[in-house]
Amino acid sequence: METKLELRHLVYFLAVADERHFGRAAAKLFIGQPTLSQQLQRLERQLGVELFARTSHDVRLTPAGHAFRAEAEQVLEHAQRAVETAREAASGRVGKITIGFNFAAGQQVLRPTLRRLARDYPGLSTTLWEGLSGPQLSAVSEGRIDVALIYSSIPPKPLLTRRVSTASLSGMVTRHHPWAGREEITFCELAEQPIVLPRRERSPAMYDAVFAAADRCGIPLTVAAEVEDAGSTAVMVEALQALAFISDARPRRPTEDLVAVRIVDPVPRVGVRAVWRPDSQPAVGAFLASLEAAAPFPSQPGERAVRIPAQATEGGSRLGDPRLGDPRLGDPEE
């Protein structure tokens with residue numbers, strides 16, 4: 001037979017069990033003694049057992065009362081834990097979040113942000129996904145990841161964004177290339193150099209930054225190959241003796257056979273942005289709060305970090321929603 005209990009009856013029962021006196025228990029609960037007695041009698045009728053042995057002087061638990069007390073205490077503890085868990089989830093302090101990132105964002109932004117996230121939100125578990133910016137932007141839009149730290153210009157609506165850093169691009173050549181021993185090259189020297197680029201849909205912001213720098217120099221670019229991923233890039237650089245573009249966050253020797261060379265006059269740069277959906281779960285707000293707390297981020301190794309001032313968040317709204325934190329990392333335009 002199913003018995004439906006009210007939590008308040010358990011609270012009343014435990015108060016009398018603790019005080020062993022109806023009057024003192026009623027005072028503790030701020031209710032009248034007759035009301036307390038009636039509610040406990042109703043509880044006993046529901047259970048079909050006597051929980052208290054009543055005398056004119058005190059109240060004692062029966063064997064059934066002792067057994068019921070242990071279970072009642074656990075029920076109330078679980079109920080309180082359920083309340084706390086719900087509140088923590090609503091605040092983003094517990095739950096799961098999937099974070100996408102590219103290499104530059106991982107080095108400059110993600111690492112300090114994750115340290116802050118682990119400190120301030122220890123109940124939040126994270127899943128990381130490294131990849132090129134284009135696929136990650138699609139993954140955010142489709143709900144496969146919650147937030148991405150990627151190369152990006154202003155993403156399409158309804159996505160929201162904050163600019164958090166700027167990445168400078170270097171060239172990558174084989175160790176046998178004539179430029180392998182140089183510290184830097186000018187962008188204009190690329191006019192006669194075959195280059196390898198990711199397809200634009202794979203990394204649109206990098207692709208556009210490279211051609212914008214070429215336009216500023218007034219030179220054409222010879223694109224020897226467009227590739228899908230970093231592995232393909234390395235293969236084509238070696239096969240074609242071409243130059244590819246990588247983040248300055250990468251080491252001088254990305255591999256034994258490849259060398260990074262700084263590019264100047266101009267330095268091609270691309271914005272690193274956090275991107276998320278407007279209907280994001282509270283855990284994204286926790287991540288954004290940690291992102292702000294971990295800032296400022298250096299734009300490149302050895303560069304002094306500068307805090308980005310408060311601006312509107314892209315996508316048509318400000319981050320006034322407390323779930324999404326303070327909007328001090330936003331910016332309106334590149």
Item to complete: With a 1.4 Å probe and every protein chain kept in, tell me what percent of the accessible surface of segment 167-296 is carbon plus sulfur.
Response: 50 percent
Fill in: Descending Cα extents along the principal axes, segment 1-115, whole Å
77, 34, 21
Practice prompt. Rounded to whole Å and sorted largest first, list the principal axis extents of the Cα atoms in segment 129-248.
Written response: 45, 29, 22
Worksheet item: Semi-axes of the equivalent ellipsoid of segment 187-282: what are they in whole Å, largest first, if each equals the square root of 5 times a C-alpha gyration tensor eigenvalue?
Response: 25, 17, 14
Discussion item. As an exercise, identify the GluC sites (Glu not before Pro) in segment 119-196 lying in DSSP coil whose Cβ has no more than 12 other Cβ atoms within 10 Å.
Written reply: Glu142, Glu183
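The values are calculated or read from the model by the stated rules, or taken from the named source; none is laboratory data. These numbers come from a predicted model, not from an experiment. So basically every Cβ, Gly included, is an ideal-geometry build from the backbone, and we count neighbours across all protein chains shown. Surface areas here come from the heavy atoms of the whole protein model, side chains and all, with no ligands, DNA or RNA. Shrake-Rupley method; radii C 1.70, N 1.55, O 1.52, S 1.80 Å.
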